[in-house]
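**Student:** Okay, handing you the structure first.
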Amino acid sequence: MYSIYHFFKTLVDNKKILLESDKKLEDFPFDSEMLSCKNKGIFPDLAIRLNPQNPLFIGGELIELKDSNSYTVASFNSTIPSGQKEISKLIKGEYSTIKQQMEAAGDDIFSQPIREVYYLVRGKKNSNIKVLLVHGSFFETIQTSDLISQSFAQVLEERLQQSELEGHQIAEMKRLLVTLFSEQAPFSKVRNVDKASVKLRFRIMTEVTAEANILNSEKYPEICDNTINFVLPCHAESDSEIILQRMRSVFAEKINTFKQFKLKHHFNGYFLVFQIHL
């Protein structure tokens, strides 16, 4: 059986390894039988195999590794963090490395077009460590398209305020910007300019705000030093019920060894946390 819950169990079973701060997260002995792909330098770092026709554990979750030498979540350099991603946008071309790996693992890739996204975050401060397997919605409090377009709108407004254009002209240009610049893909392409000896590619890098920095002890004191935490969105009672059902299925009576509590996000409601000491 494969799922993010089973993946979390492998972390808990090997939690002492996570205390070895000299070892990178990518060197953790992940269960290869559970994974449909494993990459370095491209999103996702890991993907869980699919479970065909399993109503409780669908599988297919995507995982990004974020290792930091401080209590700040490492920057997101490849893709803007989100709670879900379309698999079709991650698998491009017949010879995509990700596509090849997933097919070799036996996945019917497009049977699950929308994938849940998780981030395995580790932060270090002095001799203390925090480890979290956290759902991507913790870092996505507005739609990615809104984040990109509104960010560029701020740049445009700053520049236009220095121009001699009138208010209605500025408003129209901002409207066009929101329409044209709302996706990351156009910026990821390499641009060739006639007679230029270099190619140009814009790269979007995102960093968490203090309010979303789950490693921050002042903002989220419930996330204790030297613990491993499973953080899942819990915006309704039905969310809690299905989460607990899955946890009991994977951990059985050992579920009682976890501290369970709800964590209030500063922008995005409640998350259910399962915490245990490393």
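**Student:** Give 9/66; 16/66; 16/85 a once-over and call out the pairs whose C-alpha atoms are over 27 Å from each other.
**Tutor:** Violating the 27 Å limit, Cα to Cα: 16/85.
**Student:** As a footprinting exposure proxy, order 246, 191 by other Cβ within 10 Å, with the fewest listed first.
**Tutor:** With the sparsest Cβ surroundings first, the list reads 191, 246.
**Student:** Can you tell me the FRET efficiency between residue 278 and residue 40 if r is taken as the Cβ-Cβ distance and R0 is 35 Å, rounded to the nearest 0.05?
**Tutor:** It comes to 0.90.
**Student:** Fewest first, what order do 241, 61 take by the number of other Cβ atoms within 10 Å?
**Tutor:** 241, 61
**Student:** Same structure, new question: At a 10 Å Cβ-Cβ cut-off, how would you order 234, 224, fewest neighbours first?
**Tutor:** Going from least to most buried by this count: 224, 234.
**Student:** In nm, to one decimal, how far is the modelled label at residue 53 from the one at residue 218, with both set 7 Å along Cα→Cβ?
**Tutor:** Here the answer is 5.5 nm between the modelled labels.
**Student:** I need to check one value: relative contact order of the stretch 1-88, counting alpha carbon pairs closer than 8 Å and at least 6 residues apart, in percent.
**Tutor:** Dividing the mean separation by the residue count of the stretch 1-88 yields 27 percent.
Coordinate-derived values only; no laboratory data. Everything numeric in this text was worked out from a predicted model, so none of it was measured. As a convention, Cβ positions derive from the backbone with ideal geometry for all residues, glycine included, and neighbour counts pool all protein chains shown.
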